[in-house]
Amino acid sequence: MVKVGPERNVMPLQLPDFLQETNGEIHFAGTRVGIHDLLHFYHNHGFSAEMLAADYPSVKLPTIYKFLAFYVENARDIDARIAVLDGELEALRAASPDHVSLADLRKRFIAAST
């Protein structure tokens, strides 16, 4: 579980009513859509607000426009929070085995069942 706190050196961010934070991740209120996902497609793939709304229909176009305006005003803080979360995810990936064989999975299942 990801926790945001002083140990991360991440400044608290006052979120507008259309965003909420759960376990250190910011997402659109009433949805499971994280801002990390939208920003990925916005920055890395050049998605417009309309394209984001088409891919994430649970987030309405006016809300995406409000979010992008909020992001422009708070880009440094939001990018810092995302960088922290990305670092933690990368550490988890590095600590996890790349591949678990079927035989190993069977052994784990049998061990857990007994």
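For region 47-62, taking the residues that are within 18 Å of the chain's Cα centre (by Cα) and not in a helix (DSSP H, G or I), the one that is farthest from L15 (Cα to Cα) is identified as F47.
Confirm whether V4 is modelled with pLDDT under 95 and surrounded by 14 or more Cβ atoms within 10 Å (Cβ to Cβ). Taking the combined requirement at face value, the residue satisfies it. A single entry from H36, H27 fulfils the requirement of being free of Cβ contacts under 8 Å to residues at least 60 places away in the same chain, touching a strand residue (DSSP E or B) at 6+ places or on another chain (Cβ under 9 Å) and in a helix (DSSP H, G or I): H36. When T22 is tested against (1) of a type in the set (V, I, T); (2) closer than 15 Å to D79 by Cβ; (3) modelled with pLDDT under 95, only condition (2) is not met. For region 63-97, the set of residues classified as over 17 Å from the mean Cα position of the chain (by Cα) and among the acidic types (D, E) consists of E73 only.
The values are calculated or read from the model by the stated rules, or taken from the named source; none is laboratory data. Quantities reported herein were computed from a predicted structural model and do not represent experimental measurements. So basically every Cβ, Gly included, is an ideal-geometry build from the backbone, and we count neighbours across all protein chains shown.
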